[in-house]
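Heads up: the structure comes next, in structure tokens.
The values are calculated or read from the model by the stated rules, or taken from the named source; none is laboratory data. The model shown is predicted, which means the values in this text are computed figures rather than measured ones. Every residue, glycine among them, receives a Cβ derived from its backbone with ideal geometry; neighbour counts consider all protein chains shown. Surface accessibility is based on the protein's heavy atoms, side chains included, excluding ligands, DNA and RNA. Shrake-Rupley method; radii C 1.70, N 1.55, O 1.52, S 1.80 Å.
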Amino acid sequence: MSEATNKVSYKPIHILIGLLIMTVIAVMPQIAGLSSAGQKMIGVLAFSVYIWITEAMPYPISAIAICFSMIMFLGLSPATGTTGKLLGTTQAIPLAMSGFINSGWVLVAAGMFLAEAVRFTGLDRRIALNILRIVGTEPKRIIGGIMIAAYILAFIIPSIAARAAALIPISMGLITAFGVDLRSVFSRQLMLVTGIIAPITALMVLTAGAPNPYTVGLLNSQLNHTVTWSQWLLYAGPFSIALGVIAYILVITMNKFEPLPGGPALVEKYMAEIGPMSSKEKRIGSIFIITIILWGSEHWHHIDANTITVFATLLLFLTRVATWKQMSDRVQWGTLVLFGIGISIGEVLLKTGAATWGAKATLGALGLQTMSAPMMLAVIAVPLIVIRLAFSSIVALGALVVPTILGLLVSFNDPNISVWSITLISSFLVYFSFILPVNTPATLLTYATDTYELKDMLKLGVPLTILGLLVYVLFTHTYWHWIGLL
């Protein structure tokens, strides 16, 4: 399973309602302050959000439907303003497909091949087991070990769902091997943490979650501002670690764990089962070491993270870690389609002025322009967290939130406002998916193991969200200010 879910069900009534909403907005009398293309894009956006929230069709199919809608509505709009010669569908296609030539899309696409190579060779399982061997097999230590494994895998596996999928078998294997009940305190909390830590670690590394390169790509294309791999780690890493620490403290203080039978012997048993490190594991491990070094030294060699990741993917095949067929059968192409269209939506919303108009209409009344940057971020945070509850795709949410915030800040036309940094920090909030299992495939995958109930997630997720927001506000006044981000 991926961020673009594999569900194949359709909901015709919701599809019709979405089409009706889009059509009404597109053909209604011209809205003041909007170009004809911009108004039609607002209709496409409304259709997209409705389809995503109701899950009226599979996410990859919705991406194709959205792409077709953009082509048709943009093609039937004047090339400029509200009147004049129509743009035409031929000229509209590059706009609707612009997300697929975006640097962020390239990074995610190449990164997914690398992630699948790690899982294909079994290197991810070896890393996680070695961490458990180090931290020990007490319940609290195991939970901490799984979290540490997730942080390490964030540098290697650039997919939230893939990281969860890599850790879930290990967590379930430990539950089974120790012979504890699936609904025991240990089982519930271990699987909860396995799901929740995936989006938290995605925040830390530029290549660890799709919204990160999406945000960086949008900042680059719209503001000509570049954020390197090492800069992202500097900006987001400490905040991600802080969220992880809070989650761990909540888990171990809110629950009483019983000792587990078996001890370190079980981990050694699993290590014996996977055997010595294979040559393919060594090769993919070497490729990732080289890649991470190149990512972190971008300010010296000036080769961007996207190019480095493409090079690493090439090495994957040249060193025969896997064949093209083996990788292409494993890569979630639907996720890539959704991600590309998500980028296209943001690009076109900004180019047509729809993002700016929408931001003014939704957030303009909050008086953000007169606020300091920390206060602005604090005010924006609450509605973003509420909106987060309505989405089960982090990619889809990012496609809505990031261009909206960027459009609003650009509309202020205030040189004293750091548009790129406020947009960047606001994008961190899309990862606050700690309350409902359906808010991210990672938690949905763990929820499907039938080890915990919704009330268990609420018990951990609600205080984690509240404390996370408080730390978020604290960072705006301290760390992000100290490093010059604000």
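Annotations
- Filter result for Thr440 (in contact with a Leu (Cβ under 8 Å, 6 or more places away or on another chain), buried (at least 24 other Cβ atoms within 10 Å of the Cβ) and closer than 25 Å to Met172 by Cα): no
- Flag if Ser103 is under 30 Å from Thr313 (Cα atoms), open to solvent by 10 Å² or more (accessible area, probe 1.4 Å) and in contact with a Pro (Cβ under 9 Å, 6 or more places away or on another chain): yes
- Conditions (1) part of a helix (DSSP H, G or I); (2) open to solvent by less than 30 Å² (accessible area, probe 1.4 Å); (3) of a type in the set (A, V, I, L, M); number of the one not met by Ile53: (2)
- Residue within the range 413-420 that is surrounded by fewer than 16 Cβ atoms within 10 Å (Cβ to Cβ), touching a residue at least 40 places away in the same chain (Cβ under 8 Å) and not in a helix (DSSP H, G or I) present: yes
- Residue among Ile287, Ile292 that is in contact with a Leu (Cβ under 6 Å, 6 or more places away or on another chain) and touching a residue at least 24 places away in the same chain (Cβ under 8 Å): Ile287
- Those helices (runs of 4 or more DSSP H) of the range 285-391 in which at least 1 residues are of a type in the set (Lys, Arg) and either open to solvent by 10 Å² or more (accessible area, probe 1.4 Å) or under 30 Å from Ile51 (Cα atoms) (or both), considering only elements entirely within it, cover 324-328, 333-351, 354-363, 373-388.
- The range 216-261 - residue that is under 22 Å from Leu294 (Cα atoms) and in a loop (DSSP other than H, G, I, E, B) and, of those, most open to solvent (accessible area, probe 1.4 Å): Thr226
- Residues that are hydroxyl-bearing (Ser, Thr, Tyr) and open to solvent by less than 10 Å² (accessible area, probe 1.4 Å), drawn from the range 392-412: Ser393
- Leu167 buried (at least 24 other Cβ atoms within 10 Å of the Cβ) and under 21 Å from Trp295 (Cα atoms): no
- Scan of the range 472-486 for residues that are among the hydrophobic types (A, V, I, L, M, F, W, C), assigned to a helix (DSSP H, G or I) and surrounded by 17 or more Cβ atoms within 10 Å (Cβ to Cβ), ordered by number: Phe475, Trp480
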